Amino acid sequence: MVPLQWYLLLSAAVFSIGVFGFLSRRNIILMFISVELMLNGVNISLVAFSHYMQDLRGQILSFFVIAVAAAEAALGLAIIIALFRNKETTYADEMTEMKG
């Protein structure tokens, strides 16, 4: 049986890679992928805690996180496609039209 600490280390590593990717990249698609990595890191820890505590609430919460991530990806990609059609770039620094 794999100890809980290994799952938490994996979760922290995936979340950290997501944070680093989000902060270091300016391409919006890579930023979305980084957000997905962060959400998956949280899901790993939720399922690990749920398994070790013999409670299903963590797994149910991870399903909600997956649903929110799917909705976020669908809306985000639609916004990216709309912006790409207007500006023909996917870099966040060049998209200044959303500023107030």
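We did not get these values from a lab; they are worked out from the coordinates using the rules stated. Everything numeric in this text was worked out from a predicted model, so none of it was measured. Backbone-built Cβ (ideal geometry, glycine too); neighbour counts: all protein chains shown.
Figures for the structure shown
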| item | result |
| --- | --- |
| In region 80-100, residue nearest to Asn27 (Cα to Cα) [restricted to those that are of a type in the set (A, V, I, L, M, F, W, C) and either surrounded by fewer than 13 Cβ atoms within 10 Å (Cβ to Cβ) or in contact with a Phe, Trp or Tyr (Cβ under 8 Å, 6 or more places away or on another chain) (or both)] | Ile80 |
| Test: residue in region 59-66 that is of a type in the set (Ser, Thr, Tyr) and exposed (fewer than 15 other Cβ atoms within 10 Å of the Cβ) | no |
| Members of region 1-58 that are free of Cβ contacts under 8 Å to residues at least 12 places away in the same chain, closer than 19 Å to Gly76 by Cα and surrounded by 13 or more Cβ atoms within 10 Å (Cβ to Cβ) | Arg25, Leu30 |
| Qualifying residue in region 62-79 (condition: more than 28 Å from Thr90 (Cα to Cα) and in contact (Cβ under 8 Å) with a residue 12 or more places away in the chain) | yes |
